[in-house]
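Scroll down for the structure; my scribbles are underneath it.
Every number here is computed from the coordinates shown, using simple stated rules; none is lab data. These numbers come from a predicted model, not from an experiment. Glycine also receives a Cβ, built like all others from the backbone with ideal geometry; neighbour counts cover every protein chain displayed.
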Amino acid sequence: MSPRPQLKIALPKGRTLGHVSKIFERAGVACGALTDESRALVRRARFGEHDLELFLLKPDDVPTYVEYGTADLGVCGRDVLVEREVDVYQPVDLGIGRCRLVVAGPARASSPAGGGWTGRMPRVATKYRRTAAAHFARQGTQVEIVDVQGSVELAPLTGLADVIVDLVETGTTLAENGLAVKEEIASVSTMLIANRASYKLRADVIGPLVDALRGAVG
Ligand code: PRP
């Protein structure tokens, strides 16, 4: 008897993991409750007769593992896929982590697209350098991009930048910091991603798993 094939799946640690764990369970993946409490970075799971290996990663590292084929599948936000121009299949929208990527700035300031900026070149603080640059280039607006990694909303409050490009989910963080959405760039949700070669070569496992995940998402 040939050994059971093993599939490797890269999952993001953090706030998405609990939701992903529930969708996987509904799809028939026996993975138990996946939490960050254990520090083990590799977890075992089963899907039908197949053994699965789950890698728990920083969200930004998931596409790297999938693109290189170290993981066959992964779970990743569309914001990261677009920003990094990741070359993978995106077979299932998991319907979680829904939010918007927006340009936001001081609630009382005029829209950047409305010509409210005068004098020096406007500065845009963001974790999404490439996406932000492409957005303003499409508008024909010259901006200086300032790289920040978190607490992005602080940048316009402190004068580091005029506006930000960041994710908005409930809008609470913007509101509590006197900021407002000026423009919407894209809607974002969490995707199942697949290595292009694995998707074809491991279709025997990936096909049924993708179908089951689609069913579990509804
Ligand atoms: C994200 C995002 C916003 C916030 C939006 O930050 O960068 O700051 O959530 O959510 P809201 O619209 O529901 O308030 P995260 O919590 O990941 O932390 P960070 O500031 O360190 O990026």
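With the contact rule set at Cα under 8 Å and sequence spacing of 6 or more, what percent relative contact order holds for segment 99-188? All intermediate terms of the calculation are to be shown ahead of the outcome.
Numbers: 163 pairs, mean separation 45.3, N = 90.
About 50 percent, as a whole number.
With N set to the residue count of the chain, report its C-alpha Rg divided by 2.2 N^0.38 Å to two decimal places.
Working it through for the chain, the quotient is 1.17.
For segment 99-188, just run the numbers: alpha carbon Rg, then divide by 2.2 N^0.38 Å, N being how many residues it has.
Against the empirical 2.2 N^0.38 Å value, I get 0.96 for segment 99-188.
Cβ under 13 Å from A27's Cβ, A27 left aside: what net charge do those residues give with Lys, Arg +1 and Asp, Glu -1? If you can, show how the numbers build up before the last one.
Details: positive: K22, R26, R46, R214; negative: E25, D211.
Neighbourhood net charge equals +2.
Treat segment 31-84 as a sphere of radius equal to its Kirkwood radius over Cα pairs and apply Stokes-Einstein at 4 °C in a medium of 1.567 mPa s; give the translational diffusion coefficient in µm²/s, rounded to a whole number.
Reported coefficient: 105 µm²/s.
Is segment 122-165 best put as rounded, prolate or oblate by its Cα gyration tensor, with a ≥ b ≥ c the root eigenvalues, rounded for a/c under 1.5, and otherwise prolate when a/b is larger than b/c, oblate when not? Could the numbers behind the result be given before it?
Numbers: a/c = 2.74, a/b = 1.59, b/c = 1.73.
Verdict is oblate for segment 122-165.
Once the Cβ-Cβ distance between R196 and A175 is put in as r, and R0 is 41 Å, what FRET efficiency do you end up with, to the nearest 0.05?
E between R196 and A175, to the nearest 0.05, is 0.50.
Roughly what % of DSSP beta bridges within the chain run antiparallel, to the nearest 5?
So the antiparallel bridges amount to about 65 percent of the total.
Chymotrypsin sites (Phe, Trp or Tyr not before Pro), restricted to segment 4-69: which are DSSP loop and have at most 10 other Cβ atoms within 10 Å?
Y68
Can you run phi through the Karplus equation (6.51, -1.76, 1.60; θ = phi - 60°) for segment 163-170 and list ³J(HN,Hα) in whole Hz, with x for Gly and Pro?
Taking θ as phi minus 60°, the curve returns 9, 10, 10, 7, 7, 10, 10, 8 Hz for segment 163-170.
Please give me, ordered by residue number, the trypsin sites (Lys or Arg not before Pro) of segment 15-102 that lie in loop per DSSP and have at most 14 other Cβ atoms within 10 Å. Write out the running numbers ahead of the final one.
On the way: sites: R15, K22, R26, R39, R43, R44, R46, R78, R84, R98, R100; in loops: R15, R39, R98.
Answer in residue order: R15, R39, R98.
Beyond a 26 Å Cα-Cα separation, which of these cross-linked pairs lie in this structure: K58/K127; K58/K182; K127/K182?
K58/K182
In percent, how large is the relative contact order of the chain, given Cα pairs closer than 8 Å and 6 or more residues apart?
This gives 28 percent for the chain.
Convert each backbone phi in segment 121-126 into a coupling constant with the Karplus relation 6.51 cos²θ - 1.76 cosθ + 1.60 (shift: θ = phi - 60°), then list the ³J(HN,Hα) values in order as whole Hz, x for Gly and Pro.
Residue by residue, segment 121-126 yields 5, x, 9, 10, 8, 6 Hz.
State the Cα centre-to-centre distance between segment 69-89 and segment 162-182 in whole Å.
Distance between centres, Cα-based: 26 Å.
In degrees between 0 and 90, to the nearest 10, how far off the longest principal axis of the chain does helix 17-26 point, with axes built from Cα atoms?
Taking the Cα atoms of the chain, the angle to 17-26 is about 40 degrees.
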